[in-house]
Amino acid sequence: MKRNTLNKVLLLGTVLLAFSACKTRKIVVTAPPVVKTDTMKLKKSENLALLNGKNIDFNTLSLKGKAQLSLDGNSNNVSVNIRVRKDEKIWIILTAFAGIEVGRAMITPDSLRIINKIQETYLNAPFSYIHRFTSKQVNFKLLQDVFAGNVVGAFMNENADLDLQQGLWQLRGKQGELNYQILFNTLLKASETDLNDVGAARALKVVYGEYQQVDDYLFPSSMKLNTVTTGNKIELNLSFSKIERNVEVDFPFTVPKRFKAMN
């Protein structure tokens with residue numbers, strides 16, 4: 001049981017830490033108060049384009065910060081180092097006290113690889129392994145959008161319901177078995193993203209904290225993720241301290257020969 005729990009912790013750490021960003025020091029941008037707007041006079045396609053235009057753009061990302069991961073009430077605090085090559089790969093290292101590496105992961109659009117340094121085990125699986133914890137509608141690009149603080153590109157279409165509620169945009173819709181809702185703040189950035197697969201009893205909620213200025217873009221300085229599946233409840237709190245955009249990055253990933261394959 002203990003080993004299975006740690007494996008799940010490491011897996012969820014890799015799945016949920018796929019982000020993007022840009023500079024090294026935080027310049028927090030305060031969301032302005034709600035005011036009346038004339039944007040409802042625009043066509044839905046124009047408003048969707050307006051919201052999409054706030055997405056952060058990048059080729060590569062290098063991100064450092066802290067994470068608190070709670071699995072069914074058991075908390076773990078780690079340091080996080082993430083490197084991303086857009087639409088290709090996400091590389092993650094989790095480090096505990098005194099710089100001891102707990103594990104590392106590599107996520108690509110079609111594969112998931114994890115090294116568990118504590119148990120001296122590794123996992124080499126197709127991306128679909130993630131669907132044990134999330135809806136089948138979740139793919140690499142959706143994860144990348146969620147953790148970049150971007151609106152999920154697949155949801156921003158004419159079939160979705162886009163409305164102004166008390167001066168704030170709300171986007172709702174359904175894709176396959178997945179119900180989704182995105183709430184926006186007055187910066188026209190996502191303040192909350194909710195994904196709910198009722199049939200599979202799986203849900204993910206992402207709440208974004210204050211946004212910081214990163215070059216010409218805005219990126220969340222913190223985020224809180226809650227995921228619920230049958231028999232498991234996981235909470236992940238992230239805080240970013242160093243964010244670099246479009247820098248040279250590498251993705252070292254070697255499994256020691258003595259490590260054993262996970263089931």
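Here, each number is a calculation from the coordinates, and none is a lab measurement. Values in this document were obtained by computation on a predicted structure and should not be read as measured data. Glycine gets a Cβ as well: all are built from the backbone with ideal geometry, and neighbour counts include every protein chain shown.
Please state which one of Lys54, Lys117, Lys89 is crowded, with 16+ Cβ neighbours inside 10 Å, in contact with a Gly (Cβ under 7 Å, 6 or more places away or on another chain), of a type outside the set (Phe, Trp, Tyr) and farther than 17 Å from Leu225 by Cα.
Working: Lys54 fails: in contact with a Gly (Cβ under 7 Å, 6 or more places away or on another chain); Lys89 fails: in contact with a Gly (Cβ under 7 Å, 6 or more places away or on another chain).
One residue alone meets the criteria, Lys117.
The strands (runs of 3 or more DSSP E) found entirely in the range 138-233 that carry 2 or more residues being farther than 27 Å from Val28 by Cβ and in contact (Cβ under 8 Å) with a residue 12 or more places away in the chain are 161-165, 168-175, 178-184, 190-197, 202-208, 222-229. Residue count for the range 137-183 under the criterion of being exposed (fewer than 15 other Cβ atoms within 10 Å of the Cβ) and closer than 14 Å to Asp197 by Cβ: the result is 3.
Considering only residues of the range 96-111 that are over 29 Å from Leu218 (Cα atoms) and buried (at least 18 other Cβ atoms within 10 Å of the Cβ), which is nearest to the chain's Cα centre (by Cα)? Top of the filtered list is Gly103.
Just to be sure before I move on: is Ala125 of a type in the set (Gly, Ala, Ser), within 26 Å of Val84 (Cβ to Cβ) and in a helix (DSSP H, G or I) in the structure I sent? In short, no. Take Gly231 and decide whether it is within 17 Å of Ser135 (Cα to Cα) and over 19 Å from the mean Cα position of the chain (by Cα). It is true that Gly231 is within 17 Å of Ser135 (Cα to Cα) and over 19 Å from the mean Cα position of the chain (by Cα). Consider the range 234-263 and keep the residues that are among the aliphatic types (A, V, I, L, M) and in a strand (DSSP E or B). The one that is surrounded by the fewest Cβ atoms within 10 Å (Cβ to Cβ) is Ala261.
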